[in-house]
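Chemist: Quick one: the structure is below, questions incoming.
Every number in this text was worked out from the coordinates using simple rules, so none of it is lab data. Please read these numbers as outputs of a predicted model, since none were measured by experiment. Virtual Cβ from ideal backbone geometry, glycine too; neighbours counted across all protein chains shown.
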Amino acid sequence: DEPADLRRDIETNLRTLGADQLAAVNLRVFESDGPDQLFDDQLSVMIEARDAGLIGGIGLSNVNRDHLLRALERTEVACVQNAFNLVDRGSAPVLEECTTRGIAFVPFFPLGAAFIRPNPVLTHRVVVETADRLGHTPAQVALAWTLGVAPNVLLIPGTSSVRHLEENLDVASIELDDEVREQLDAIGA
């Protein structure tokens, strides 16, 4: 998005929602190896929107560690939303930086991308065997692992039914022992 489009989109969302302020808005980066002028310009618009009271916090999405550090030179960051799961840990440096700084990390595709068949997370042999052994679904095991990676991880898994919602809520009570965690950790190694 061009910087002017960001401001317009924020204002459109406010009107559509009938709100005075959006709690947080993520600046999503597309195909960028690192911070560039467009990123800086977009971030300036987000800072201006926050300072004007249109948004409460600035989030980043699909960023690398350099993007995060550049943003932090200029403003507080409420959260980072990047792809992260048992088989895709490319954002581990970003997660580590967020953990160190107390920034919420919200993994997208915590169960793997739905459009990749077969799903590399939910069909992984170790995940399936662990789920069977523990009496949980592969999705619950994958989400429990993700939730336990760091204290600042926030999960927003999709839900398609009440039963699915209940399964997702049960994830918070699943404790993976050290042996299970080591086996799951080895998937992404």
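Chemist: Per-residue HN-Hα couplings for region 9-20, Karplus 6.51 cos²θ - 1.76 cosθ + 1.60 at θ = phi - 60°, whole Hz, x for Gly and Pro?
Modeler: Result, rounded to whole Hz: 5, 4, 5, 5, 4, 4, 5, 4, 7, x, 10, 8.
Chemist: Could you give me the ³J(HN,Hα) list for region 95-107, computed from phi with Karplus coefficients 6.51, -1.76, 1.60 and θ = phi - 60°, whole Hz, x at Gly and Pro?
Modeler: Rounded to whole hertz, the list is 4, 4, 5, 4, 4, 4, 9, x, 9, 4, 10, 10, x.
Chemist: Return the Cα extents of the chain along principal axes one, two and three, sorted largest first, each rounded to a whole Å.
Modeler: That works out to 53, 35, 30 Å along the principal axes.
Chemist: Counting only GluC sites (Glu not before Pro) that are in a DSSP loop and have at most 16 other C-beta atoms within 10 Å, tell me the longest site-free stretch of the chain.
Modeler: Between exposed loop sites, the widest span is 77-174.
Chemist: Here is a further query. In whole percent, what relative contact order does the chain give with Cα contacts below 8 Å and a gap of six or more residues?
Modeler: Relative contact order here is 16 percent.
Chemist: So if each residue of separation counts as 0.36 nm, and I subtract the Cα-Cα distance between residue 169 and residue 44, what length gain in nm does that give?
Modeler: 41.2 nm
Chemist: Give me the net charge of residue 147's neighbourhood, meaning all other residues with Cβ under 12 Å from the Cβ of residue 147; Lys, Arg count +1, Asp, Glu -1.
Modeler: -1
Chemist: Looking at 63, 39, 82, which one has the Cα that reaches farthest to the positive end of the dipole of region 17-89 (charges on Cβ: Lys, Arg +1; Asp, Glu -1)?
Modeler: Farthest towards the positive end: 82.
Chemist: Taking a label point 7 Å from the Cα of residue 181 along the Cα→Cβ vector, which residues of region 140-156 have an amide N closer than 14 Å to it?
Modeler: Only 144-153 pass the distance filter.
Chemist: With +1 on the Cβ of every Lys and Arg and -1 on the Cβ of every Asp and Glu, and nothing else charged, how large is the dipole of region 45-148 about its Cα centre, in debye rounded to the nearest 20?
Modeler: The calculation lands at about 240 debye.
Chemist: Something else about it: Per residue of region 51-60, what does 6.51 cos²θ - 1.76 cosθ + 1.60 with θ = phi - 60° give for ³J(HN,Hα)? Whole Hz please, x for Gly and Pro, Karplus curve as stated.
Modeler: 5, 7, x, 6, 10, x, x, 9, x, 10
Chemist: Under 5 Å between amide hydrogens, which residues at least 5 positions from residue 78 or on another chain qualify, with H placed 1.01 Å from N in the peptide plane?
Modeler: Amide H to amide H, under 5 Å and 5 or more residues apart or across chains, residue 78 pairs with 58, 59.
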